[in-house]
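Engineer: Handing you this structure, nothing more for now.
We did not get these values from a lab; they are worked out from the coordinates using the rules stated. Since the structure is predicted, the reported quantities are computational estimates derived from the model, not experimental observations. All Cβ positions, glycine included, derive from the backbone under ideal geometry; neighbour counts span all protein chains shown.
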């Protein structure tokens, strides 16, 4: 059975490209265009991994992470942050994200982080 990834990203072009690319690597992908939508998706199903953008309208990535922990303290889903800004790396790492990938990124780099997260529970 394919591992399920919840992809939360406000750039619709990046969202669609990553969905197609991840599906080609045998991952099942749920998409959300902001943190609020991501939280709604978590009410229906718990993914195996979350890829999270930081700067989004309505609810940013950090607020999503805090709200997810508040509403679902028992859910332990590995999270990979995918963002255009490197400034918040330390903050997210303190909150337990398994990897922090800065845009622009190579698809191979992201795939490596995903595989590492599934194999060891951490992506480094």
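Engineer: In a GNM of the chain with a 10 Å cut-off on Cα contacts, which of 78, 104, 57 has the highest mean-square fluctuation?
Structural biologist: 104
Engineer: Something else about it: For the chain, what does -39500 (n - 2.57) per DSSP helix run (n ≥ 4), summed and divided by total residues, give at 222 nm, in deg cm²/dmol to the nearest 500?
Structural biologist: The helix-only estimate for the chain comes to -13000 deg cm²/dmol at 222 nm.
Engineer: Kindly put 81, 46 in sequence by how many other C-beta atoms sit within 10 Å of each C-beta, fewest to most.
Structural biologist: Listed from fewest to most nearby Cβ atoms, that is 46, 81.
Engineer: Applying 1/(1 + (r/R0)^6) with R0 = 25 Å to the Cβ-Cβ distance of residue 1 and residue 120, what FRET efficiency is obtained, to the nearest 0.05?
Structural biologist: For residue 1 and residue 120, the calculated efficiency is 0.80.
Engineer: In nm, to one decimal, how far is the residue 71 label point from the residue 11 one, both placed 7 Å along Cα→Cβ?
Structural biologist: 2.6
Engineer: Take the eigenvalues of the Cα gyration tensor for the range 4-120, scale each by 5, and report the square roots as semi-axes in whole Å, largest first.
Structural biologist: Taking √(5λ) for each Cα gyration eigenvalue gives 18, 16, 15 Å.
Engineer: Taking just the alpha-carbon atoms of the range 1-68, what radius of gyration and Dmax come out, in angstrom?
Structural biologist: 11.3, 33
Engineer: How do 90, 60, 11, 44 rank when sorted from fewest to most other Cβ atoms within 10 Å of their own Cβ?
Structural biologist: The fewest-first ordering by Cβ neighbours comes to 44, 90, 11, 60.
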